[in-house]
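The structure under discussion appears below in the form of C-alpha cells.
Here, each number is a calculation from the coordinates, and none is a lab measurement. From a predicted model like this one, the values you see are computed outputs, not experimental measurements. Cβ sites come from the backbone with ideal geometry, for glycine too, and all protein chains shown count toward neighbours.
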Amino acid sequence: MENPSEVSLQTVAEKAPITSRRKLNTELEDQMPKPYLARALVAVDPECSNGSKGHHHNNMSVLQQHVAFFDRNKDGIIYPWETYQGFRAIGFGIPISLAAGLLINLTLSYPTSSSWIPSLLLPIHIDNIHKAKHGSDSEVYDTEGRACSWPTEM
C-alpha cells in the first residue's frame, strides 16, 4: 500500500476546515471486509460486518427490505393506506401520515409499476423499488437497491 502521507491520500485540506472536523475512517478496511463492495442482502458497518444479528433478509435487496416495513399485509405492494399505517406505527400524527401516504405513493407508484398505464390506487411495487431511485438520493443504496457502506462510513 502507498504511504499515507502522499498527497493523493490526504483526507484533510487546510483551506477546508470542515475536512479536519469531520474525519474519515481510514481504518475501514481493517474493520470490515471489502468496505467498497455494495451488499445485496445485508447492510453492514464496522460494528456489524455481517449485518444485524437475527434479521432475516428473505432474499430481498436491502432497499426492498427498507420499504417492506410499509407493506403491512406483506403482499409485495404498498398502497397509500399502508403507507399511512406505517407512518402512524412509527409515531407520526394523522396529518403527516395522510400527507405521506398520498405524496410518497403518488411519487413512487408509477416508477415502480410494471405497466405503462398508471394505477389510480397508487401502488408501490416492492420488486421494482430500485426504479424509483433518483439522482438526489443519499447514495446509501446503489441503482439496484444494494447497500453501499461508503457514503456513511468513509
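A few remarks follow.
- Legend: calculated FRET efficiency, Leu120 to Glu27, from the Cβ-Cβ distance at R0 = 35 Å, rounded to 0.05, equals 0.10.
- Taking 7 Å steps out from each Cα toward its Cβ at Asp75 and Asn58 produces label points 1.4 nm apart.
- For the peptides 105-114, 79-88, the ranking by packing is 79-88, 105-114, with the highest mean count of neighbouring Cβ atoms within 10 Å listed first.
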